[in-house]
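*Asks:* Quick one: this structure, given as C-alpha cells, is what I'll be asking you about.
What follows is calculated from the coordinates using simple rules that are stated; it is not laboratory data. Since the model is a prediction, treat every value here as computed from it, not as a measurement. A quick note on method: Cβ atoms are made from the backbone with ideal geometry, for glycine too, and the neighbour counts reach across all protein chains shown.
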Amino acid sequence: MATESELLAKIHELSRPVRIMHVCGTHERTISKFGMRSVLPPEIEVLSGPGCPVCVTPEIEIDRAIALARSGVILTSFGDMMRVPGSNENLLDARSQGADVRMVYSIDDAIAIAEKNPEKKVVFFAIGFETTAPTNAAAILRNLPDNFSVLASHKLTPPALMELVDEINVDAFIAPGHVCTIIGIHPFQPFADMGFPVVVAGFGAKDVLISILMIFEQMSSGKAIVENAYPRAVRDEGNLRAQEMMQQVFDIGDAQWRGLGLIKNSGLTIKKEFEDHDAALIYEDVIERCLPEVSYESATESLCKCANILKGREKPDDCPLFAKRCTPATPVGSCMVSQEGMCYNWYQYRSV
Ligand code: SF4
C-alpha cells in the first residue's frame, strides 16, 4: 500500500488542471486539517459543495424551531444547531430570553427528556442528510411518548447536487462516504452518465489522495464511472435496512436549502401515518403565527458568502467578514458554526 508521500508524488506526476468538488463536511475537515490544498499541485482545485448539514439548514427552518421554542415546548436539537443564525436570531438567543431549548446528542436523549417531563411537550429538531435520517426513522418506528414529536429538516444529497450541476464549474466529484454507507453508490450514477468521474471516498488523508488519483485515472482513460474507494464501509447497494426504515417513515418532498433555495425532491417529510409525532403538523398554526415577518427570498442576500461557498464559487477568504467579524465564537453565517463548515475549517486551520 502506497504511503501518502508516494500518492502525492503520483498525483504531481499525473497532474492536470481539474476542479474536483467534494460534498461532505468531514472531507472538508480532512482536507483543511492536513493542509492538503497547499501540497497538491496548484492546478488541482478541491472545492467544497453543499455537504455540511448544519450549513444548509435554511433560515426559515431555524425560525420555525425558534417559534416552537417560544410557544412553550421543550425544543431539543444538536449542539451545533444552537448557534445557526435564523433570520433574526438563533436558538441560544431564544433560550437566553426564557425559551426551554436543550442540547442533545441524539433523538434518544430527546425522548428521555419527554419521558421525564410527561406534563410538557417535547420537540426534537431533526437535521442532517441520509446519514442521520435512518436513526430518527428507527426512533419514530418505536413506541414514542405521546408528548414527543419531531420537526424534520432532513436533506437528500444527490438531488441537491443535481440541481447545482449545471451552474457549478466542476470536472469530477468525490462522493460522500458517510452518505453512501446508507444509500450506496448507485444514486451517483446519473453524474457519471453526464460525464463526471465520481469516486466514493473515506475520510483519511490517504483516502482523499487515492480518490483524486482514481479520478485522474478515469480521466486519462476517457471514462466517467462511479467507483467505490471506501469498500471497508460502503457496499454498492448501501444499507438496505436503513433505506427501508427511511422509506417507512418519510416521504420525499421539496426542501429549502440555505443559499440554494427550493430544490425538488431533496427533503424528507414525515408520513401521514406518523402525524401524531410530526411537529410541523401538530404545531402548524403556532409556527405560522410566530414566524418573523421577513422575506425568505432575500434572507441570504447579505455580506455572508455562504450561498456561493456552498456552490464552490467562492472561498472563505473572499468574504470580507472572514476571521474579522465572523469567527467560530461569533459566527455570522452557518458555514462558520459547525466543524463540518468550510469557513469554520478554514478559520481553524488557516496559516496566520
Ligand atoms: S466567513 Fe462567515 S460571513 Fe463569511 S461566508 Fe463564511 S460564514 Fe458567511
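*Asks:* Using the alpha-carbon centroid of each, what span in Å lies between the stretch 123-183 and the stretch 29-84?
*Replies:* Measuring centre to centre over Cα atoms gives 13 Å.
*Asks:* Net charge around Lys272, counting only other residues with Cβ within less than 11 Å of its Cβ (Lys, Arg = +1; Asp, Glu = -1)? Please report the intermediate quantities before stating the final value.
*Replies:* Details: positive: Lys271; negative: Asp251, Glu273, Glu275, Asp276, Asp278.
It works out to a net charge of -4.
*Asks:* Now a separate question. Once you put a point 7 Å from the Cα of Asn88 and another 7 Å from the Cα of Glu237, both along the Cβ direction, what distance in nm separates them?
*Replies:* For Asn88 paired with Glu237, the spin-label model returns 5.2 nm.
*Asks:* Rounding to the nearest 10 and keeping the result within 0 to 90°, find how far the Cα-based axis of helix 205-220 lies from the longest principal axis of the chain.
*Replies:* It is inclined by approximately 60 degrees.
*Asks:* Which angle between 0 and 90 degrees, to the nearest 10, do you get for helix 4-14 versus the longest principal axis of the chain when only C-alpha atoms count?
*Replies:* Once rounded, the angle reads 60 degrees.
*Asks:* Could you state the angle between the C-alpha long axis of helix 107-116 and the longest principal axis of the C-alpha atoms of the chain, as a value from 0 to 90 degrees rounded to the nearest 10?
*Replies:* For helix 107-116, the angle is close to 10 degrees.
*Asks:* Just give me a number: lysine pairs in the stretch 1-301, eight or more positions apart or cross-chain, with C-alpha atoms less than 28 Å apart.
*Replies:* 17
*Asks:* Roughly what % of DSSP beta bridges within the chain run antiparallel, to the nearest 5?
*Replies:* 25 percent
*Asks:* Further question on the same structure: Measure of size requested: the Rg and Dmax of the stretch 306-345, with Cα atoms as the atom set and Å as the unit; please supply both.
*Replies:* 8.9, 25
*Asks:* To make sure I understand, if each residue's beta carbon is the centre and we count other beta carbons within 10 Å, what order do Asp63, Asp251 fall in, fewest to most? It would help to have the intermediate numbers written out before the result.
*Replies:* Working: Asp63 21, Asp251 11.
Fewest-to-most Cβ neighbours within 10 Å comes out as Asp251, Asp63.
*Asks:* Same structure, new question: What are the residues whose amide H is under 5 Å from the amide H of Gly128, where those residues sit 5 or more places off or on another chain and H is modelled from the backbone?
*Replies:* The list, which skips near neighbours in sequence, is Lys155.
*Asks:* Now a separate question. What's the ranking of 179-186, 224-231, 25-32 by average number of surrounding C-beta atoms within 10 Å, highest first?
*Replies:* On the way: 179-186: 21.4, 224-231: 19.4, 25-32: 22.9.
Taking the mean over residues of other Cβ atoms within 10 Å, the ranking is 25-32, 179-186, 224-231.
*Asks:* If you don't mind, there's one more thing I want to ask. Calculate for the chain the 222 nm mean residue ellipticity that helices alone would give, adding -39,500 (n - 2.57) per DSSP H run of length 4 or more and normalising by residue count, nearest 500 deg cm²/dmol. The partial results should precede the final answer.
*Replies:* Details: 17 runs with 133 residues, N = 352.
For the chain, the value works out to -10000 deg cm²/dmol.
*Asks:* Give, in whole angstrom and from largest to smallest, the semi-axes √(5λ) of the equivalent ellipsoid of the chain, with λ running over the eigenvalues of the Cα gyration tensor. Walk me through the numbers on the way to the answer.
*Replies:* Working: eigenvalues 255, 107, 58 Å².
Largest first, the chain gives 36, 23, 17 Å.
*Asks:* How long are the semi-axes of the equivalent ellipsoid of the stretch 20-99, taking √(5λ) for every eigenvalue λ of the Cα gyration tensor, in whole Å from largest down?
*Replies:* Ellipsoid semi-axes (Å, largest first): 36, 11, 9.
*Asks:* Each label point is 7 Å from the Cα along the Cα-to-Cβ direction; what then is the distance between the points at Ser106 and Asn143, in nm?
*Replies:* 2.0 nm
*Asks:* Kindly put Tyr283, Tyr344, Tyr105 in sequence by how many other C-beta atoms sit within 10 Å of each C-beta, fewest to most. Intermediate values should be presented prior to the final figure.
*Replies:* Numbers: Tyr283 21, Tyr344 28, Tyr105 9.
Fewest-to-most ranking of Tyr283, Tyr344, Tyr105: Tyr105, Tyr283, Tyr344.
*Asks:* Could you calculate the contour length gain from Gln97 to Ser220, that is, 0.36 nm times the residue separation minus the distance between their Cα atoms, to one decimal place in nm? Present the calculation step by step, with values, prior to reporting the outcome.
*Replies:* On the way: separation 123, 0.36 × 123 = 44.28 nm, distance 5.90 nm.
Stretched out fully, the Gln97 to Ser220 stretch lengthens by 38.4 nm.
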